[in-house]
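First the structure, in the form of structure tokens, and then the observations on it.
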Amino acid sequence: MSHKNPIAGLNKLFDNRIRLGVMSILAVNEEVSFNDLKQLLEVTDGNLATHLVSLEENGLLKVHKGFIGRKTNTTYSITKAGEKSFNDHIQALEKMIRGIK
């Protein structure tokens with residue numbers, strides 16, 4: 001009886017629920033501001049910023065810095081690599097769930 005590791009296909013980056021939340025929001029929205037992400041996910045500035053940096057460093061999202069009037073406005077969008085990683089992760093989750101039944 002051979003069992004495959006059910007979690008082998010999962011991306012470790014998405015172990016964290018905030019990063020998973022960011023990716024799911026960016027997967028369906030073209031661009032999302034820092035404040036919108038913060039409100040949607042109900043997290044602190046510092047907490048969100050840390051996760052955004054790690055997603056950016058791994059090439060999963062792009063940061064766009066702009067201004068609205070004199071206020072800085074930072075928005076985020078998913079990269080092609082980010083889309084692929086996220087879709088692969090979701091597929092691995094589905095496979096894992098089907099495999100356990």
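The values are calculated or read from the model by the stated rules, or taken from the named source; none is laboratory data. Since the structure is predicted, the reported quantities are computational estimates derived from the model, not experimental observations. A quick note on method: Cβ atoms are made from the backbone with ideal geometry, for glycine too, and the neighbour counts reach across all protein chains shown.
Would you mind finding the one in GLU31, GLU42, GLU83, GLU57 that is surrounded by fewer than 14 Cβ atoms within 10 Å (Cβ to Cβ) and touching a residue at least 12 places away in the same chain (Cβ under 8 Å)? Give the steps one after another, and end with the answer.
Details: GLU42 fails: touching a residue at least 12 places away in the same chain (Cβ under 8 Å); GLU83 fails: surrounded by fewer than 14 Cβ atoms within 10 Å (Cβ to Cβ); GLU57 fails: touching a residue at least 12 places away in the same chain (Cβ under 8 Å).
Of GLU31, GLU42, GLU83, GLU57, the one residue that is surrounded by fewer than 14 Cβ atoms within 10 Å (Cβ to Cβ) and touching a residue at least 12 places away in the same chain (Cβ under 8 Å) is GLU31.
I'd like to know if the stretch 73-80 contains one or more residues that are among the basic types (Lys, Arg) and either surrounded by 14 or more Cβ atoms within 10 Å (Cβ to Cβ) or within 20 Å of VAL28 (Cα to Cα) (or both). Step through it out loud before you land on a result.
So the first thing to find is which residues in the stretch 73-80 are among the basic types (Lys, Arg), and the list is 80.
Remaining after also requiring either surrounded by 14 or more Cβ atoms within 10 Å (Cβ to Cβ) or within 20 Å of VAL28 (Cα to Cα) (or both): 80.
Yes, the stretch 73-80 contains a residue that is among the basic types (Lys, Arg) and either surrounded by 14 or more Cβ atoms within 10 Å (Cβ to Cβ) or within 20 Å of VAL28 (Cα to Cα) (or both).
Which one of these does ASP15 not meet: (1) at pLDDT below 95; (2) over 13 Å from the mean Cα position of the chain (by Cα)?
The single condition ASP15 does not satisfy is (2).
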